[in-house]
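The values are calculated or read from the model by the stated rules, or taken from the named source; none is laboratory data. The model shown is predicted, which means the values in this text are computed figures rather than measured ones. Cβ coordinates were reconstructed from backbone atoms using ideal geometry, including for glycine residues, and neighbour counts include every protein chain displayed.
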Amino acid sequence: MNIQLDAHGQELMAQFRERLPLLQQLEQEAFNYLTRSLQQQGIYVTGIEHRVKTEESLAGKLELKGSKYRSIDDITDLVGLRIITFYTDDVDKIAAIVKNAFDVDWQNSVDKRKLHQLTSFGYNSLHYICKLPKTVVDNPAINNIRFELQMRTALQHVWSTIEHDTGYKGSVQLPKEYRRQFGRLAGMLELIDDEFSRLRTTLSEYRRQVQALVKSGKLEEVPLSEETFRSFVELQPFERLNQRIAAVNQAEIIPASPMPFLSLLKSFQIETLKDLEDFIAENAEDAYQLAVSQLAVTDLDILSENVGLQNLCFVHVLKNGGGCPGVKKVYDKIYGKQEGNAVLAEMLMKQAANLPFMQNSSLLNG
């Protein structure tokens, strides 16, 4: 890259080289502090990019517009950080954190999202010019250096990279049909960006409504899904059955996720949380008796939190004529297909054989 700098440009480049160690320290300190600030607020981002401008990049800038800078202090993007988020509304949340974390130069900061240019999607990021406060590093030589902090979404970032890669923002003027294609794509991506944020808001509201319905006991209005099942489990619907079973051997109950049982429950044609509540009520006593028949021949003193739910499933299968093959399918669904599952199913059938709900001969032969 053959760049010719005038005397002023060469002076600015010399100032940059002299200041480079401070710029590198500022870059690392700002990145570390920004990362901590986001973590403390529980904000998850796609990534944080940070860099000190290269000599080559600075030289190109100085060649084009070096005369507008009196000294190296007037160039505010020698150190740059970029926060990339998933959602557009997260940009504003992060902006609020940045305002509290750094000293922002509002006169030189710009919200490019408000420009509303047809093809500017990839550049619609929020740009703050900042300084590192003394509470982070008490060194005037560093505190007085301004740096640029950009906030944008992942789609905006991808689009900006594509524009750069294709040379769309280069010096060559593209024909109208190509610029029109870029404009159409930019509009589509902007719409997708907005829709993702809107969808997240909608889903959050749905979760709140589901939790409210669950707490109010209106379970017939709540379809069984991963989200609703989690909310239902928070009410500890299997706790009473678990405690009864644990009391047989004075066993300790250890935590376990019930989520592997969800697909099994759906296979039982359980469609709402009311169906699930009825399923528990109808089978709880038989599930307890089945668990007692199993524990009576053991001295187990540690049980999974899923012990009640598991026995509810076994009872349901047996009551509906599933027999040994049905019990094996339950084991296969919960623990994965293993050779030992068939043996476990046969053992359970023997333990359940004399229980009241199994006295129907058609069930025994199922």
Within region 241-256, does at least one residue satisfy the condition of being modelled with pLDDT of 90 or more, assigned to a helix (DSSP H, G or I) and within 23 Å of the chain's Cα centre (by Cα)? no
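Considering only region 231-240, state which residues are part of a helix (DSSP H, G or I) and at pLDDT 90 or above. First the steps, then the outcome.
Filtering region 231-240 down to residues part of a helix (DSSP H, G or I) leaves 231-233, 239-240.
Hits for region 231-240 are 233, 239, 240.
Conditions tested, residue by residue: (1) of a type in the set (S, T, N, Q); (2) modelled with pLDDT of 95 or more; (3) under 27 Å from residue 161 (Cβ atoms).
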| site | (1), (2), (3) |
| --- | --- |
| 9 | no, no, no |
| 30 | no, yes, yes |
| 34 | no, yes, yes |
| 39 | yes, no, yes |
| 47 | no, no, yes |
| 56 | no, no, yes |
Restricted to region 185-225 and to residues being acidic (Asp, Glu) and out of contact with any helix residue (DSSP H, G or I) (no Cβ under 6 Å at 6 or more places or on another chain), the residue nearest to residue 264 (Cα to Cα) is 205
Taking region 123-156 and keeping only residues that are of a type in the set (Val, Ile, Thr) and part of a loop (DSSP other than H, G, I, E, B), one is left with 135, 136, 137, 145
Note on region 32-61: residues in contact with an Asp or Glu (Cβ under 9 Å, 6 or more places away or on another chain) and hydrophobic (A, V, I, L, M, F, W, C) are 43, 45, 52
Restricting attention to region 150-169, does a residue exist that is out of contact with any helix residue (DSSP H, G or I) (no Cβ under 6 Å at 6 or more places or on another chain), modelled with pLDDT of 85 or more and among the hydrophobic types (A, V, I, L, M, F, W, C)? yes
Within region 61-95, restricting to residues that are small (Gly, Ala, Ser) and surrounded by 15 or more Cβ atoms within 10 Å (Cβ to Cβ), the one that is farthest from residue 2 (Cα to Cα) is 95
Notebook entry, point to check: Just to be sure, is residue 247 farther than 27 Å from residue 227 by Cα, surrounded by 15 or more Cβ atoms within 10 Å (Cβ to Cβ), small (Gly, Ala, Ser) and assigned by TED's automatic domain parsing to the domain that holds residue 232?
Noted result: no
Residues in region 130-139 that are surrounded by fewer than 21 Cβ atoms within 10 Å (Cβ to Cβ), at pLDDT 95 or above and hydrophobic (A, V, I, L, M, F, W, C) total 0
_Take residue 252 and tell me if it is surrounded by fewer than 18 Cβ atoms within 10 Å (Cβ to Cβ), without any contact (Cβ under 8 Å) to a residue 24 or more places away in the chain and of a type outside the set (Gly, Ala, Ser)._
no
Going through region 47-67 in order, the residues found to be closer than 20 Å to residue 22 by Cα and small (Gly, Ala, Ser) are 57, 59
Inset, instruction - With respect to residue 228, determine if the residue is over 29 Å from residue 269 (Cβ atoms) and within 23 Å of the chain's Cα centre (by Cα). - result: no
